[in-house]
Amino acid sequence: MTNQLPSPTLAASARGLVKTYGSGDTAVNALDGVDLDLPAGRLTAIMGPSGSGKSTLMHCLAGLDRPSGGEVTVDGVRLDTLSDDDLTRFRRDRLGFVFQAFNLLPMLTAEQNIWLPFELAGRKPDPASRARFDEVVGVLGLASRLAHRPGELSGGQQQRVAIARALLGDTQVIFADEPTGNLDSAASAEILSFLRRGVRELGRTVVMVTHEAESAAYADDIVTLVDGRRQESAR
Ligand code: ADP
């Protein structure tokens, strides 16, 4: 492998990525030598059957888990060079996350949930972040829902709040793990089109794990995994 950093137009890349769970006879090669270049400013869907390694790949790309071998570079930073503390800070400051279960705090309003990572980072809203808040809330159609608590919102609206939260920070890359897994098909289509708008209108990069074939239609690029290896995709 070379020591060269990938070109700045890559949001993330992986070289020879291996992840093995367990050892000996019971070892599972969840990732078996994955090479990947994810261009910035695009929506990439990671697809494949259950157990093919999608979540493992996303967790290694997002610094939520350490690979057993190979290299991951995200936003120009080699993740293996970071200590656990630096990796935690990197995730907090540079990456956005959207999960299947929304992960909103029930006692906070939608607006408070959107600002939460900002507050946790000890930052005060400044004019630039307030302007971005208005832009993100506008793109996601949440202006009339800001005072609602999660329990007063539909599943699709809750996921829009979670996406707004991910878009508000300075994060370039947003990782979405089965973001429509808890939604009916109408709400799923809506969420996928909002993720698309985040890419098109706000210039972000979205990497989405999904096992739902319909999601492919919204993606610019598709990475298909089978048994921990990449399979050439249709696109
Ligand atoms: P997918 O997201 O495509 O369903 P996963 O990445 O969750 O696939 O899993 C890939 C393989 O790794 C599967 O065989 C799974 O059983 C195994 N695996 C995932 N996580 C663990 C773990 N923590 N311990 C042991 N095996 C695991």
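Averaged over residues, the count of other Cβ atoms within 10 Å places the peptides 41-50, 77-86, 13-22, 159-168 in the sequence 159-168, 41-50, 13-22, 77-86, highest first.
Centre-to-centre separation between the Cα atoms of the range 38-77 and those of the range 89-156: 24 Å.
Axis angle, to the nearest 10 degrees, between helix 110-120 and the longest C-alpha principal axis of the chain: 60 degrees. What is the percent carbon and sulfur in the accessible area of the chain, measuring with a 1.4 Å probe over the protein chains and ignoring ligands? Here carbon and sulfur together make up 49 percent of the probe-accessible area. Applied to the range 12-27, the Karplus parametrisation 6.51 cos²θ - 1.76 cosθ + 1.60 on θ = phi - 60° returns per-residue 3J(HN,Hα) values of 7, 8, 9, 10, x, 6, 10, 9, 10, 9, x, 8, x, 5, 9, 4 Hz, with x for Gly and Pro. A cut-off of 5 Å between modelled amide H atoms, ignoring neighbours fewer than 5 places along the same chain, links A12 with L38, D75. Between amide H atoms placed 1.01 Å from N, distances below 5 Å from G70 occur with V18, all of them 5 or more places distant or on a separate chain. When each of the peptides 121-130, 203-212, 101-110 is scored by how many other beta carbons lie within 10 Å of its residues on average, the order from highest to lowest is 203-212, 101-110, 121-130. A protection proxy built from the mean count of other Cβ atoms within 10 Å ranks the segments 141-147, 171-177, most packed first, as 171-177, 141-147. Taking all protein chains as they are arranged and a probe of 1.4 Å, the heavy atoms of E201 leave approximately 100 Å² accessible to solvent. Entry comment: accessible area of the chain is 47 Å² per residue, from protein heavy atoms only and a probe of 1.4 Å. Subtract the Cα-Cα distance of A147 and S129 from 0.36 nm times their separation in residues, and report this length gain in nm to one decimal. Between A147 and S129, full extension yields 4.6 nm more.
The values are calculated or read from the model by the stated rules, or taken from the named source; none is laboratory data. If you're wondering where the values come from, they're calculated on a predicted model, not measured in any experiment. Note: ideal-geometry Cβ built from the backbone for every residue, glycine included; neighbour counts use all protein chains shown. Remember, those area values only see protein heavy atoms, side chains included, never the ligands or the DNA or RNA. Shrake-Rupley method; radii C 1.70, N 1.55, O 1.52, S 1.80 Å.
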